[in-house]
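**Student:** This is the structure I have questions about; it appears just below.
The values are calculated or read from the model by the stated rules, or taken from the named source; none is laboratory data. Please read these numbers as outputs of a predicted model, since none were measured by experiment. Cβ sites come from the backbone with ideal geometry, for glycine too, and all protein chains shown count toward neighbours. Note: accessible area is taken over every heavy atom of the protein model, side chains too, but ligands, DNA and RNA are not part of it. Shrake-Rupley method; radii C 1.70, N 1.55, O 1.52, S 1.80 Å.
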Amino acid sequence: MKLEELTIKKIRKGIKKKIFSAQDLTEKYFKKIKKEDKKISSYLLLTKDLALKQAKKIDQKINKGDKIGKLAGVSLAIKDNMLVEGEKCTAGSKILENYKASYSATCIKKLIKEDAIILGKTNLDEFAMGSSTENSAFQVTKNPHDKERVPGGSSGGSAAATAASLCHASLGSDTGGSIRQPASFCGVVGLKPTYGAVSRYGLIAFGSSLDQIGPITKTVEDARILFDVLAGKDPKDSTSMEVQFKKNKTNIKNTKIGVPKEYFQEGIDQEVKDKIIEKIKEFEKRGVQVKEVSLPHTKYALPAYYIISPSEASSNLARYDGVKYGLKTKKGTYKDVRGKGFGDEVKRRIMLGTYCLSSGYYDAYYKKAQKVRTLIKEDFTKIFKEVDFLVTPTSPTTAFKIGQRTEDPLSMYLADLCTIPVNLAGLPAVSIPAGKINSLPVGLQIIGKPFEEYKILDLANLIYE
Amino acid sequence: MVDKKQIKHIAELAKLNLRAHKEDKLLEEVASILDYIKVLEEVDVKGIEAMGHIQEEENILKKDKIKETKDEAKKNILDSAPEKKSNYFKVDTILNKEE
């Protein structure tokens, strides 16, 4: 059994038929991690005891002939901003370096209920703020395709671990592109669900009106299976919704793709554009209709996002006070704990958000950005009356060099140019591999109507093989 | 445009201790981001509603029923605190504190 070639279906079948045991498979991953993760530094923590206990439980079920879950024996890595009871959860921050979760996130409970195995927690930009995973307080994760380059971010650890088969699949969180952009840089599949499709309970909050949890996988089919497990209403997250998803296969022949011209303009690498256009032609060849469309407010999405998300973050991060949990400094004051515990990017965003929300600036910045958000959402609503999907590049470039963008925050922000509008409009989108440029993966983004995750995955499947 | 005095004021509001050299760097960076954001000025938003949230639902309520918390959960929560005393978080004196 080659770890690189497994799928969720194959794992479940193999375990059921006793071709291999859950314990064997889990041990195999830990061996591979021990040998190979030194080179890419994707994990912050391994939860070996938890994993092996869970694996043993699954093997016992098999031996007794009991029913097994949809994810039986599937080894997963979890971005370290989702709580797993009894395990450390750092959010990549010094302020939470020794924090141990006192409960599990709803998505973790759902995975375990379906007999998945949690291998460990993966590296991320501190509090999920960044596009390269270089903002982690603990380590720099490398791109498995080129170790001098970043894996993208902020779910860079999860994407790198998945690409390097140091887990079968993983979970990420996406506030402005943090699942899709690293999936694109690492050549894997990353799905950001519709806002409200997956419970955020137990996810360390960043921008609460934008955050969503989703899967990072090696195949489109695996993303579908994981999403199916994760989705649904949770009484502990009032924004989560019960949706009757249309799961039957879409007849792609009768569908229409919109290609928004604003995503193929200045700021997007020519080679990336060419690659995506090549793939769009492939869709056309397979009978999908293609049409050029326009989303006129696209250029305002990034500036609006850099008001809205830091504003929400500045409020969400007010809870880190060094009293209930987290760092304790000698001086021990609120200000001292925060000054020492937060890294530069987090401070930058707290300052920016506090400024935009402060008296005298609220209307000019925060309120204005909220109105622009309405216009961006309306752009999508209008266009989705004409087409079923939008296809764009996931990121303007392929993976950049480590250190290349850390000095200039704005240049880092531009890495999310194509993914941010989707979060502002609360839509589902997937990034799938679309070939390589100079041996670096390129990602293609498919954006869909609200709660049409299965439909975008069907379209993705059309050209995925 | 944002100046050093404002940066100090904002850091105070955000409860962040900043070292002097960090203040200068943050001033420069925040100013450059605000300059980038300025492009929003050209958008006409007359008559457009502000969107605080993508969902329109409001006031999702639950029954006001007390649920027992397991002792173990209580212990876990308190164990995370940097300082505790019996079943409480320990905090520094805030009121009547001599500066």
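**Student:** What are the residues of the range A:346-360 that lose 10 Å² or more of accessible area, with a 1.4 Å probe, going from their chain alone to all protein chains?
**Tutor:** When all protein chains are present, A:K347, A:R348, A:I350, A:M351, A:L352, A:T354, A:Y355, A:S358 each give up 10 Å² or more of accessible surface.
**Student:** A further question on this structure: Grab the alpha carbons of the range B:1-78, take their convex hull, and tell me the volume per residue in Å³.
**Tutor:** Cα-based convex hull of the range B:1-78, divided per residue, equals 220 Å³.
**Student:** Give me a comma-separated list of calculated 3J(HN,Hα) values for the range A:72-86, in order, Karplus coefficients 6.51, -1.76, 1.60 applied at θ = phi - 60°, integers in Hz, x for any Gly or Pro.
**Tutor:** Each residue's phi maps through the Karplus curve to give 3, x, 7, 8, 10, 10, 10, 4, 7, 10, 10, 7, 10, 3, x Hz.
**Student:** Looking at the range B:35-99, which trypsin sites (Lys or Arg not before Pro) are in a loop (DSSP not H, G, I, E or B) and have at most 15 other Cβ atoms within 10 Å?
**Tutor:** B:K46, B:K62, B:K63, B:K65, B:K67, B:K70, B:K90, B:K97
**Student:** Also, I was wondering about something else. Add +1 for every Lys or Arg and -1 for every Asp or Glu among the other residues with Cβ under 11 Å from the Cβ of A:K121, and state the total.
**Tutor:** Computed value for this residue: 0.
**Student:** Same structure, new question: When the accessible area of the range A:21-97 is split by element with a 1.4 Å probe, what percent falls to carbon and sulfur?
**Tutor:** 48 percent
**Student:** Which percent, nearest 5, of DSSP beta bridges in the range A:9-230 are antiparallel?
**Tutor:** Within the range A:9-230, antiparallel bridges account for around 60 percent of the total.
**Student:** While we're here: Counting only heavy atoms of protein chains, what accessible area per residue, in Å², does the protein assembly as shown have with a probe of 1.4 Å?
**Tutor:** 44 Å²
**Student:** I need the GluC sites (Glu not before Pro) found in the range B:5-75, filtered to DSSP loop residues with at most 15 other beta carbons within 10 Å of theirs.
**Tutor:** Answer in residue order: B:E49, B:E56, B:E57, B:E58, B:E68.
**Student:** Just to verify a number: FRET efficiency for A:A318 and A:S411, C-beta to C-beta distance, R0 = 25 Å, to 0.05?
**Tutor:** After rounding to 0.05, the efficiency reads 0.30.
**Student:** Hey, got the dipole for the range A:9-230? About the Cα centre, +1 on K and R Cβ, -1 on D and E Cβ, debye to the nearest 20?
**Tutor:** Value, rounded to 20: 1080 debye.
**Student:** Here is a follow-up. Roughly how crowded by other chains is peptide A:302-312, in terms of the mean Cβ count from those chains within 10 Å of each of its Cβ atoms?
**Tutor:** For peptide A:302-312, the averaged partner shielding equals 3.
**Student:** Here is a follow-up. Give, in nm to one decimal, the length gained when the segment between A:S294 and A:D344 is fully stretched (0.36 nm per residue of separation minus the Cα-Cα distance).
**Tutor:** Full extension of this stretch gives 14.3 nm more.
**Student:** While we're here: Which of the GluC sites (Glu not before Pro) across the range A:183-289 are loop residues per DSSP, with 11 or fewer other Cβ within 10 Å?
**Tutor:** Hits after loop and neighbour filter: A:E242, A:E266.
**Student:** Can you tell me the dipole magnitude for chain B around its Cα centre, using point charges on the Cβ only (Lys, Arg +1; Asp, Glu -1), in Debye to the nearest 20?
**Tutor:** That gives chain B a dipole magnitude of about 760 debye.
**Student:** Quick check: from the Cα gyration tensor, does the range A:132-187 come out rounded (a/c under 1.5), prolate or oblate?
**Tutor:** Judged from the Cα gyration tensor, the range A:132-187 comes out rounded (a/c under 1.5).
**Student:** What whole-number distance in Å separates the alpha-carbon centres of the range A:413-465 and the range A:299-372?
**Tutor:** Centre-to-centre (Cα) distance: 29 Å.
**Student:** Let me confirm one metric for peptide B:36-43, namely the mean number of other chain beta-carbon atoms within 10 Å of its residues' beta-carbons.
**Tutor:** Counting Cβ atoms of other protein chains within 10 Å of each residue's Cβ and averaging gives 6.
**Student:** A further question on this structure: Expected output is a single nm value to one decimal: the length gained when fully extending between A:K34 and A:K249, i.e. 0.36 nm times separation in residues minus the C-alpha distance. What is it?
**Tutor:** This chain segment gains 73.4 nm when fully extended.
**Student:** On to the next question. Using only the alpha-carbon atoms of chain A as identical scatterers, what base-10 log of I(q)/I(0) does the Debye formula give at q = 0.05, 0.06, 0.10, 0.13 Å⁻¹?
**Tutor:** Cα-only, vacuum Debye calculation for chain A: -0.16, -0.23, -0.67, -1.17.
**Student:** Let me ask something else about it. Taking +1 at the Cβ of each Lys and Arg and -1 at the Cβ of each Asp and Glu, which of A:S315, A:I40, A:I277 sits farthest along the dipole of chain A towards its positive end, judged by Cα position relative to the Cα centre?
**Tutor:** Among A:S315, A:I40, A:I277, the one farthest towards the positive end of the dipole of chain A is A:I40.
**Student:** Next up: Go through A:K347/B:K38; A:K67/B:K75; A:K10/A:K57; A:K88/B:K63; A:K53/A:K147 and tell me which ones have a Cα-Cα distance over 25 Å in this structure.
**Tutor:** The pairs that break the limit, which is 25 Å between Cα atoms, are A:K67/B:K75; A:K88/B:K63; A:K53/A:K147.
**Student:** Could I ask something else about it? Show me A:368-375, A:248-255, A:48-55 ranked by packing, highest mean number of other Cβ atoms within 10 Å first.
**Tutor:** A:368-375, A:48-55, A:248-255
**Student:** Quick one: buried accessible area between A and B, total over both chains, 1.4 angstrom probe, nearest 100 Å²?
**Tutor:** Using a 1.4 Å probe on protein heavy atoms, the buried area is about 5000 Å².
**Student:** Classify the range A:371-465 from the C-alpha gyration tensor, please: rounded if a/c falls under 1.5, else prolate or oblate depending on whether a/b exceeds b/c.
**Tutor:** Cα axes put the range A:371-465 in the oblate bin.
**Student:** Still on this structure: Along the Cα-to-Cβ line of B:E49, 7 Å from the Cα, sits a label point; which residues in the range A:377-407 have backbone N less than 17 Å from it?
**Tutor:** A:377-382
**Student:** Quick one: net charge around A:D416, please, counting Lys, Arg +1 and Asp, Glu -1 for every other residue with C-beta under 11 Å from its C-beta.
**Tutor:** That sum, taken over residues with Cβ under 11 Å, equals 0.
**Student:** Okay, next question. For the protein assembly as shown, give the magnitude of the charge dipole about the Cα centre (Cβ charges: +1 Lys/Arg, -1 Asp/Glu; no others), in debye to the nearest 20.
**Tutor:** It works out to roughly 2300 debye.
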